[in-house]
Amino acid sequence: MAEQQKSEKMWGGRFAEATAASVEAYSASIQYDARLYHHDIMGSKAHARMLARQGLITVEECDAILEGLTEIEAEIDRGEFVFRPELEDIHMNIEKVLTDRIGAAGAKLHTARSRNDQVNLDFRLYLRDEADALDTLLAEVQRAFARMARKYLGAVMPGYTHMQRAQPVLLSHHLLAYVEMFQRDRDRLVGCRQRIDVLPLGSAAMAGTGLPIDRQFVADELGFAAISANSMDTSGDRDFAMEMLFCLNLIQLHLSRLSEELVLWSSKEFEFVRIGDRYCTGSSIMPQKKNPDIPELMRGKTGRVTGALMSLLMTMKGLPLTYNRDLQEDKEQVFDALDTVKASLSITAELMDNTEFNQERLQAATIGGFMTATDLADYLVKRNMPFRQAHGVVGRIVALCQERDCELIDLSLAELQEHSELIEADIFEVLSVEGSINSRLSAGGTAQIRVEEALTRVEQQLGMQ
Ligand code: ARG
């Protein structure tokens, strides 16, 4: 009777009692870490090959392990594998079934390995693939923006600071700003991927192992660029996961800023964009409503992605070296953030392809607000007036316009000259929206030729030409 009560866990040797059901339920991670199965099996296969090569298991044992793992992977793929919560996590679920099926060889797989370095390995392998998937999605979104920038090349709109009309710009310049943000997101992922791409396996529990393993062989098998340098650092390290969360946060934050603009721009007050019906929803009470729910949700989901980063930062903050079970709290947050950001990216590419800009409204919005006032000041500066003085002169001209409820361009030459003799007839070209935009020739500026250059470069980088 007492014998039956004893622990049946793979680590149960020293335990006199079976684990409490509440403990099993509280500590199981299989509900979410099952998604690591492919990478867990990939890592175990490389480890088994290394063990055989080092004479720690026989070639026959290795073959049995490889075959058994292939079979298990196919069963999980097909949804036929039964995951058991009492076996805690993906590592134990796979190893237990393997051992039940192939016997002693299966029981040798965990030689010179701990779940501490195994889970770290699985997570890195998984995130390395996810970094690549994110890069592909980001490039798709960039292409959608580049297509729009090409389609609307020449369309003008107000550029804003403080949400006040500031200076006229090309719509394509605004759209290409997002391409730059997403490019930084991609570059950041390249750096993050480099730090993910380090083999942790071989650190064992945390001190390394006395068995004659070959870590470099495993690194080569799994395509890792390097092997970790310190076993203690490795088993307690989740910097790569926090860094991935930070990368995800900036992506979602960029999408959130875009979302805010789409919500604003699709309002009656702006009417800058029309989002396709298929990408909007209606109201259950107000029959006239067409709501921008997708950008709103995207803006809203930024909260949970930020929460995931905060959550892992807080989990990590007081942890002593090396592995602590707290670390199991890392995966759910990262998985949720990944799912959210990937879904947001893929719907953004569709959304942009199904959004139209109202060029007349954009153009009309460039009138009013004295947006070429800086051009007038620059004009005076080119005629040698100190900029601060020019600023004052133009400020007084703007005040006059406000009094008369007119625009700068509506004043006569004589009226302008009352404020400065430096002003001549060529001023009216300078005060026009197109004149203003095309004068902004500085590198990275909004002049049409600069924007065309930028767009061409982006199209080339994105393989669109
Ligand atoms: N499921 C565990 C995790 O996610 C795996 C490692 C468990 N190691 C241990 N010694 N209990 O962190």
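FYI, it's all coordinate maths here, none of it is from the lab. These numbers were taken from a predicted model, which means no experiment stands behind them. We place every Cβ from the backbone using ideal geometry, glycine too, and count neighbours over all the protein chains shown.
Here the residues 121, 137, ranked from fewest to most Cβ neighbours within 10 Å of their Cβ, fall in the order 137, 121. List the chymotrypsin sites (Phe, Trp or Tyr not before Pro) in region 220-322 that DSSP assigns to loop (not H, G, I, E or B) and whose Cβ has at most 15 other Cβ atoms within 10 Å. Which are they? Those that pass, being in a loop and sparsely packed, are 270. Relative contact order for the chain: 15 percent, from Cα pairs under 8 Å spaced at least 6 residues apart, divided by residue count. Whole percent per 10 Å bin, from 0 to the bin with the longest distance: what is P(r) over all C-alpha pairs of region 354-454? Pair shares across the bins are 14, 43, 30, 11, 2, 0. Label zone (residue 10, point 7 Å along Cα-to-C-beta; backbone nitrogen cut-off 18 Å) within region 16-35: 19, 24-25, 27-35.
By the beta-carbon count within 10 Å of each Cβ, the least crowded to most crowded order of 250, 51, fewest first, is 250, 51.
For residue 381 and residue 403, a Förster radius of 22 Å and the Cβ-Cβ distance give a FRET efficiency of 0.30, rounded to the nearest 0.05.
Using the Cβ-Cβ distance between residue 17 and residue 177 with R0 = 56 Å, the FRET efficiency computed as 1/(1 + (r/R0)^6) comes to roughly 0.35. When you restrict to C-alpha pairs under 8 Å that are six or more residues apart and normalise by the size of region 21-85, the relative contact order lands at 45 percent. Once the chain from residue 388 to residue 86 is taken as fully extended at 0.36 nm per residue, the excess over their C-alpha distance is 101.3 nm. The dipole here belongs to the chain: it is taken about the Cα centre, uses +1 on the Cβ of Lys and Arg and -1 on the Cβ of Asp and Glu, and is about 480 debye.
Inter-label distance, residue 214 to residue 460: 4.6 nm, where each label sits 7 Å from its Cα along the C-beta direction. Helical runs assigned H by DSSP (4 residues or longer) give the chain a calculated mean residue ellipticity at 222 nm of -20000 deg cm²/dmol, each run adding -39500 (n - 2.57) before division by the residue total. Site-free segments of the chain were taken between GluC sites (Glu not before Pro) in DSSP loops having at most 14 other Cβ atoms within 10 Å, sites themselves excluded; the longest one is 81-268. For a paramagnetic label modelled on residue 410 (point 7 Å from Cα along Cα→Cβ), amide N atoms under 11 Å away are absent within region 164-184.
The trypsin sites (Lys or Arg not before Pro) of region 53-155 that meet both conditions, a loop assignment by DSSP and at most 13 other Cβ atoms within 10 Å of the site Cβ, are 78. How would you classify region 182-250 from its alpha-carbon gyration tensor, with a ≥ b ≥ c the square roots of the eigenvalues: rounded for a/c under 1.5, else prolate if a/b is greater than b/c, otherwise oblate? Here region 182-250 falls in the oblate category. Legend: translational diffusion of region 104-249 by Stokes-Einstein, Rh = Kirkwood radius over C-alpha pairs, 4 °C, 1.567 mPa s; D = 71 µm²/s. If the chain linking residue 329 and residue 257 were pulled fully straight, counting 0.36 nm for each residue of separation and taking away their Cα-Cα distance, it would gain 23.0 nm. With only the Cα atoms considered, the chain has a convex hull volume of 216 Å³ per residue. Taking every C-alpha pair closer than 8 Å and separated by at least 6 residues, the mean separation divided by the residue count of region 146-186 gives a relative contact order of 40 percent. Our summary of shape: the Cα atoms of region 210-299 have principal axis extents of 73, 23, 20 Å, ordered from largest down, in whole angstrom. In the chain, taking the dipole from charged Cβ atoms about the Cα centre, the farthest positive-side position among 406, 105, 183 is held by 406. Among 201, 400, sorting on how many other beta-carbon atoms sit within 10 Å of each Cβ, with the fewest leading, yields 400, 201.
A Förster radius of 51 Å combined with the Cβ-Cβ distance from residue 424 to residue 289 puts the calculated FRET efficiency at roughly 0.45. Here is the list for region 241-287: trypsin sites (Lys or Arg not before Pro) lying in DSSP coil, each with at most 15 other C-beta atoms within 10 angstrom of its C-beta, are 268.
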